[in-house]
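Contents: one structure, followed by commentary.
The values are calculated or read from the model by the stated rules, or taken from the named source; none is laboratory data. Predicted model, so just to flag it, every value in this text is computed and none were measured. When we count neighbours, we look across all protein chains shown, and the Cβ atoms used for this are built from the backbone with ideal geometry, even at glycine.
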Amino acid sequence: MKNNFNKQPYLLHGKVRNYDWGGYDFIPKLLGINSQPNTPHAEYWLGAHEQAPSTINFDNNITMNLCDMLQDNPAYFTQNTQEIRDYKFPFLLKILDVKKMLSIQIHPNLAEASTGYEAENKHQIPFNSPLRVFKDRNHKPEMMIALSKFWLIHGFAPQDIINSRLSKYQSLKKIADDFDNQHLETAFKKLMLLPKNAQTEIIHDFLLELEPLHFDKNSAEFWIKKYTQQVSKDLLNDIGIISILYFNIVALNYKESIFQAPGLPHAYLEGQNIEIMTNSDNVIRGGLTVKHIDINLFLEHLNFSETIPYVYKPIETSKGLVEYSFKECNAFGATWLELSLEQSYHCITSKVEIMLCIQGLVRLAYIFEGQACFITISKGEALLIPIGFEYHLTTKEFSILVKSY
Ligand SMILES: [Zn+2]
């Protein structure tokens, strides 16, 4: 049966993902649900991804997922009649609580995603196979906004930094010499493709050398030690451990943001954030994971340029309002909104929006068929708001909202 949705906001219910690297309390506290001692709450997804689409309750308590709603009601999402037939929901909004480090990874660009997807289809790799890398045809540029101090790996470090890290250790003498004499790309590929027993020996000797030493969070070695303490011994032969020495370690403060373009190596290390990306799950992993690592594919799509991390400071365009948009990517953007008593916010949407309340309680008022209507959301609740829709927000207490579009 086809369900017609009015062009009104709807409460949107996301999906929790219980990956083992997740923390236990942050997401349950945000959502107002009970935490469970043995169940990590790693991610909370809001969007129309086939693997975990958000749902909407409407009319007589019928529940519908966002993918189905989109099929039946494209006009809710787009005004472009050309686009209606192939319209895809433009982004996925996630809350992440990173307790253990995540894998070192890159994401493909559009052309690579499409080619990779076709190739894996041709080889009949099932979507639920751990060997499947390209789960859709989409690219996956990512932006994130820190909700706490947030640590991550982001791009290759400048040459002199890599040099000074490698040259400190006797156990790394050979790879330091290689790095001195060769381009970063050649030296890094050589390291990653060494025979397994040679890699295991380097890692073993290096970890022994690190053992008595202490580091702060700004150093790559701190995260190497943290990783080796969080995994079982049989995972200590992963050359990804050494690769950390080649990357920038970046710390974001609350509300600061960073963008990850296709091909840029990155890994989340610790903290909580909001992550917004295109609607894709295409991840090419290069290390630090029990999941499938295809090192040749990783090296083939990797951007070897030195990266000077660009951290976007939260600059208010008006009181309490920060716009996050990235010149590298016009597929999505985000707004951070802090509202105080007596303050209001007015908007006419130019794209479909998802709005999540991070703190407080907000009332959204609008006119529908000549009637004044309103809907209230509190901490942890989210709204789906249609395109071309006018609304006003007010609050009776200090509140924080994040919306993506
Ligand atoms: Zn990523």
Practice task
From I241, I203, grab the single residue that is surrounded by 20 or more Cβ atoms within 10 Å (Cβ to Cβ) and either of a type in the set (D, E) or more than 26 Å from G271 (Cα to Cα) (or both).
Solution key: I203
Practice task
Scan the range 355-377 for residues that are without any contact (Cβ under 8 Å) to a residue 40 or more places away in the chain and in a strand (DSSP E or B) and report the count.
Solution key: 9
Exercise for the section: Say whether the condition of being within 16 Å of the ligand (Cβ to nearest atom), surrounded by fewer than 23 Cβ atoms within 10 Å (Cβ to Cβ) and either in a loop (DSSP other than H, G, I, E, B) or more than 21 Å from the chain's Cα centre (by Cα) (or both) is met by at least one residue in the range 119-129. Expected result: no
Completion exercise
If we ask which residues in the range 309-335 are of a type in the set (D, E, K, R) and within 26 Å of F398 (Cβ to Cβ), their number turns out to be 4
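Conditions tested, residue by residue: (1) away from the ligand (no atom under 16 Å from the Cβ); (2) over 30 Å from G271 (Cα atoms).
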site: L66; (1), (2): yes, no
site: A75; (1), (2): yes, yes
site: Q79; (1), (2): yes, yes
site: E83; (1), (2): yes, yes
site: I104; (1), (2): no, no
site: P108; (1), (2): no, no
site: E112; (1), (2): no, yes
Practice task
Could you please give the count of residues in the range 79-118 that are under 17 Å from the mean Cα position of the chain (by Cα) and in a loop (DSSP other than H, G, I, E, B)?
Solution key: 11
Problem - Hits in the range 283-292 (condition: near the ligand (Cβ under 10 Å from one of its atoms) and either aromatic (F, W, Y) or surrounded by 24 or more Cβ atoms within 10 Å (Cβ to Cβ) (or both)) - result: I284
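Checking the condition of a type in the set (S, T, N, Q), out of contact with any Cys (no Cβ under 8 Å at 6 or more places or on another chain) and touching a residue at least 24 places away in the same chain (Cβ under 8 Å), which residue from T39, T63, T55 passes?
The conditions single out T55.
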Exercise for the section: Can you give me the number of residues within the range 306-340 that are over 16 Å from L384 (Cα atoms) and touching an Asp or Glu at 6+ places or on another chain (Cβ under 7 Å)? Expected result: 7
Practice task
Please indicate, with yes or no, whether at least one residue in the range 133-140 is over 25 Å from T307 (Cβ atoms) and free of Cβ contacts under 8 Å to residues at least 60 places away in the same chain.
Solution key: yes
Practice task
Tell me the strands (runs of 3 or more DSSP E) entirely within the range 220-302 that contain at least 3 residues that are β-branched (V, I, T) and in contact (Cβ under 8 Å) with a residue 40 or more places away in the chain.
Solution key: none
Exercise for the section: Give the residue, chosen from N296, N273, N303, that is surrounded by fewer than 17 Cβ atoms within 10 Å (Cβ to Cβ) and within 16 Å of the ligand (Cβ to nearest atom). Expected result: N303
Practice task
Check off (1) of a type in the set (S, T, Y); (2) under 30 Å from A187 (Cα atoms); (3) at pLDDT below 95 for S318 and give me the number that stays unchecked.
Solution key: (2)
